[in-house]
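Engineer: One structure, pasted below without further comment.
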There are 4 protein chains.
Amino acid sequence: MARRTREESLETKNKLLESALEVMTDKPYSRVTMNEIAERVGMSKGAAYWHFKNKHEILIELIVMLCEESGGDPRLLEGDSDSFRKIRRYYISRIDKQKQSKRYEKINILFQRRLEWPKEVHDKVYRDLMQRIRKEQSMVEMAICEGQENGQVRRDVSPREISSLIAAVFFGIFALFGPNPLYPGGDFDLLKYADFIFDAFGKELKAIQA
Amino acid sequence: MARRTREESLETKNKLLESALEVMTDKPYSRVTMNEIAERVGMSKGAAYWHFKNKHEILIELIVMLCEESGGDPRLLEGDSDSFRKIRRYYISRIDKQKQSKRYEKINILFQRRLEWPKEVHDKVYRDLMQRIRKEQSMVEMAICEGQENGQVRRDVSPREISSLIAAVFFGIFALFGPNPLYPGGDFDLLKYADFIFDAFGKELKAIQA
Amino acid sequence: MARRTREESLETKNKLLESALEVMTDKPYSRVTMNEIAERVGMSKGAAYWHFKNKHEILIELIVMLCEESGGDPRLLEGDSDSFRKIRRYYISRIDKQKQSKRYEKINILFQRRLEWPKEVHDKVYRDLMQRIRKEQSMVEMAICEGQENGQVRRDVSPREISSLIAAVFFGIFALFGPNPLYPGGDFDLLKYADFIFDAFGKELKAIQA
Amino acid sequence: MARRTREESLETKNKLLESALEVMTDKPYSRVTMNEIAERVGMSKGAAYWHFKNKHEILIELIVMLCEESGGDPRLLEGDSDSFRKIRRYYISRIDKQKQSKRYEKINILFQRRLEWPKEVHDKVYRDLMQRIRKEQSMVEMAICEGQENGQVRRDVSPREISSLIAAVFFGIFALFGPNPLYPGGDFDLLKYADFIFDAFGKELKAIQA
DNA sequence: GATGAATGAGACTTCATTCAT
DNA sequence: CATGAATGAAGTCTCATTCAT
């Protein structure tokens, strides 16, 4: 049953990647089998090996793909006179995304499983991963700098540190209150939490107007 | 003599558990072998099977054991008139512990790997785990309630929600800046972060004195 | 046009055969893949299957082809009054060939790998192979007979046996001192060995003149 | 079905080695499976993997073991005033061994398959193999030297070269007329051949008495 | 209590072969 | 003629688990 066109082939590859995402969010990497990934999309193990060198490679390609499509909309961090409000809007958009899109949820779960990635995978993906984290973080960092420059934000804090703090805080919130195959999550309202945090941080960071 | 033997047996069992902690911190559960656990303490696979029904059981007993010894010192949440300061002190102590104790670090890593635990393990451990989380959380919750009662804390927030928010925030901080076998941690100062957070949250939660 | 195509087809087939010789000389038959054979000549696996029924068939055709072109020059075994000298000249020419031609070396290696040929291959090729061995051997045999008839060679030896002995002796020499992918050959001078052998055998075979 | 005693374990290992010898003489290395080796002696695949790291390791141990037990009886190369006769006796004994012992035959076949050994195997075994060949060769070499010293052998030949020539010659004879799974051997009498060769070489090597 | 041999299920991979295009 | 996608059989290897001693 040989697919012929380049197009169909690419489609198969994508179907396999999607299948992998599905399965790999559902269970630990070590319990995911090539067979399973392939069968889910009506292919044979061999097909998977045609498109990917091995199991690791699937995960790698998957991660690289997801790194690109995940993250909030960077445009939200542009064009607003109030830097802090921009940051707030950005994270709120991420929460929205998470709430609405099953896919986004899955991506989150996949990344939560990163401790199980084989070193091989991790090494190849490290750069992308870092970039993904950095991208977000540096956008936030720049927004804070901007705020410091135009007098909206305290000057005695390190933009770098604050941005990574915020990243960590949201990481924690997504991890604990987001989709979690083990603790099937509460009925917590992430938006409410975000509001509280931004209210608090916002005040704490606000430059004291003379 | 029999007494002696029983003691020795318990000791062996503990040695195996410690070995398991070591190894399971180091690599994904699926790549930890019974052999490895046993060999690390100069014992044979068979011995491990004498003390534990199977591999899952080791993990289960390990988790149960750790649930008891982990967590901050609850006494810190007692006996201070300022409720919020108590909470602050409590988390700071956890950070200290983490900084000083390799063991505490390992425990953290082990729990970060929880997504890989087999359902079997998870089910049996769920209650303990929840309790561990709840214990801390409810202590914090109670401290907040107390604060609300004696007028130190705003009354329009849910103690429940705030306590889980704080938990999540610290979870994020530990996860990202704490020990992490994959991203070998930066030189971030957790205490500085904690200070910032408590400053911000403290103000936000303070009851507005008329 | 059709003519052209047929020619081209034959050329492709030959290129595949040459590639197969190359690869099959380099590693055990079982580790040679169709892909490899085809890729070496810038073709796809599928193309190879158009020209050959399967992998076995390639080896078969290869062997048949090589059987024809290998062996020393039979003309050397003709037209000399001294039969033994003819034999000697014949084998010397084989050594020369071996020394000068990489291709001849490869053929030798290929045949050294014959124990790995699948029964299927072996059965189909047996006749050719035997013929190839016999051809040489019987030429030598005839030369010996001739020598016996004209009184140059002892009459109490079996030409058959002597010819196969000589074949075996040279087989050993080629195998041990010839090209060998495993023991990358010494700096032995095959000619020197051949000289010694022929000196010794020559004397031993010479008819005792009354 | 756990065997207990060290002894029994060793026995199992040996049985596996013998089984491997059996199977590996019967077919190319690549077509021999672990399962087959184990099943032949009523064991499971797992048992084989308990005793040997992997398939390669079986072959390696097998070869090392056989290197020790193969070869002619070196005592035959001692204590005779006629050096050449000693060499002759030595090779004759090898032929005898071959004729009488099925095991010896198998060893020969195994070694004839050496071109198929994976590089890994070959590298580890190379030294032993060389030693095995060298041992024999150097014994012969010494015998020739001895002969040169006491005036029985021509002084203008290199003992080194002559000994390797003899080795090659016998290699060829064993290979072609010995057991051969592909050309199921003739009814040739190896002894007759050996006689002829030694007669010829003997005369050729004899020191010309003034 | 402890050991180490043995089992067997299950996963990863490789590749000859087929076939639609 | 040629390509390249897909299949499926077969083999290697790992390990949790069992069990006789």
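Every read-out reported here was derived from the displayed coordinates using simple, explicitly stated rules and does not represent laboratory data. This one's a predicted model, so the numbers in the text were calculated from it and none came from an experiment. Cβ: placed from backbone, ideal geometry, glycine included. Neighbour counts: every protein chain shown.
Engineer: Quote the charge dipole size of the range D:105-210 about the Cα centre in Debye, to the nearest 20; the model charges only the Cβ of Lys and Arg (+1) and of Asp and Glu (-1).
Structural biologist: 300 debye
Engineer: Take the Cα pairs of the range D:89-137, get the Kirkwood Rh, then feed it into Stokes-Einstein at 20 °C and 1.002 mPa s and tell me D in µm²/s.
Structural biologist: 177 µm²/s
Engineer: Could you tell me the center-to-center distance, by alpha carbons, between the range B:1-50 and the range C:1-68 in angstrom?
Structural biologist: 58 Å
Engineer: Membrane-span-like helices in chain A: DSSP H runs reaching 18 Å or more (Cα, own axis), mean Kyte hydropathy at least -0.5?
Structural biologist: Membrane-span-like by this rule: A:55-69, A:159-177, A:190-205.
Engineer: On to the next question. Assign unit charges at the C-beta atoms only (+1 for Lys and Arg, -1 for Asp and Glu), then state the dipole size of the protein assembly as shown relative to its Cα centre in Debye, rounded to the nearest 20.
Structural biologist: Computed about the Cα centre, the dipole is about 660 debye.
Engineer: Averaging over every viewing direction, what projected area does the convex hull of the Cα atoms of the range C:84-208 cover, in nm²?
Structural biologist: 8.3 nm²
Engineer: Let me ask another. To make sure I understand the rule: partners must be lysines, Cα under 20 Å from the Cα of residue D:206, and not fewer than 8 residues away in the same chain. Which ones qualify?
Structural biologist: Cross-link targets: C:192, C:203, C:206, D:86.
Engineer: Related question: How would you rank D:113, A:134, A:88, going from fewest to most other Cβ atoms within 10 Å of each one's own Cβ?
Structural biologist: A:134, D:113, A:88
Engineer: Below 8 Å between Cα atoms, with a sequence gap of 6+, how large is the relative contact order for the range C:1-160 in percent?
Structural biologist: Computed over the range C:1-160, the figure is 24 percent.
Engineer: Please express the Cα-Cα pair-distance distribution P(r) of the protein assembly as shown as a list of whole percents, one per 20 Å bin, running from 0 to the bin with the greatest distance.
Structural biologist: In order of increasing distance, the bins hold 12, 30, 23, 20, 12, 4, 0, 0 percent.
Engineer: Using only the alpha carbons of the range B:5-58, determine the length spanned along each of the three principal axes and report them from longest to shortest in whole angstroms.
Structural biologist: Over the range B:5-58, Cα extents along the principal axes are 34, 18, 16 Å.
Engineer: To make sure I understand, if each residue's beta carbon is the centre and we count other beta carbons within 10 Å, what order do C:12, B:5, A:25 fall in, fewest to most?
Structural biologist: In increasing order of surrounding Cβ atoms, one gets B:5, C:12, A:25.
Engineer: Suppose every K and R has +1 on its Cβ and every D and E has -1 on its Cβ; what is the size of the dipole of the range B:1-69 about the Cα centre, in Debye to the nearest 20?
Structural biologist: The dipole of the range B:1-69 has a size of about 300 debye.
Engineer: So what's the range C:41-133 giving for Cα Rg divided by 2.2 N^0.38 Å, two decimals?
Structural biologist: Output field value: 1.35.
Engineer: Consider just the alpha-carbon atoms of the range D:1-99 and return their Rg together with their Dmax, both in angstrom.
Structural biologist: Cα only, the range D:1-99: 18.3, 59 Å (Rg, Dmax).
Engineer: Would you kindly give the portion of the calculated P(r) for the range D:113-185 that falls above 20 Å, as a percent of all Cα pairs?
Structural biologist: Of all Cα-Cα distances in the range D:113-185, 50 percent exceed 20 Å.
Engineer: Hey, how much of the P(r) for the range B:62-102 falls beyond 13 Å, as a percent of Cα pairs?
Structural biologist: Here the tail beyond 13 Å accounts for 56 percent of pairs.
Engineer: Please compute the Cα-Cα pair-distance distribution of chain A with 10 Å bins starting at 0, giving whole percents from short to long.
Structural biologist: Result returned by the calculation: 8, 29, 29, 19, 10, 4, 1, 0.
Engineer: Work out the FRET efficiency for residue C:65 and residue C:142 from their Cβ-Cβ distance, taking R0 = 35 Å, and round it to the nearest 0.05.
Structural biologist: Plugging the Cβ-Cβ distance into 1/(1 + (r/R0)^6) gives 0.85.
Engineer: Among A:62, B:59, B:167, flag the residue with its Cα farthest along the positive direction of the charge dipole of the protein assembly as shown, charges on Cβ as +1 for Lys/Arg and -1 for Asp/Glu.
Structural biologist: B:59
Engineer: For the pair residue B:53 and residue D:6, what calculated FRET efficiency results from E = 1/(1 + (r/R0)^6), where r is the Cβ-Cβ distance and R0 = 30 Å, to the nearest 0.05?
Structural biologist: Computed FRET efficiency for residue D:6 and residue B:53 comes out at 0.55.
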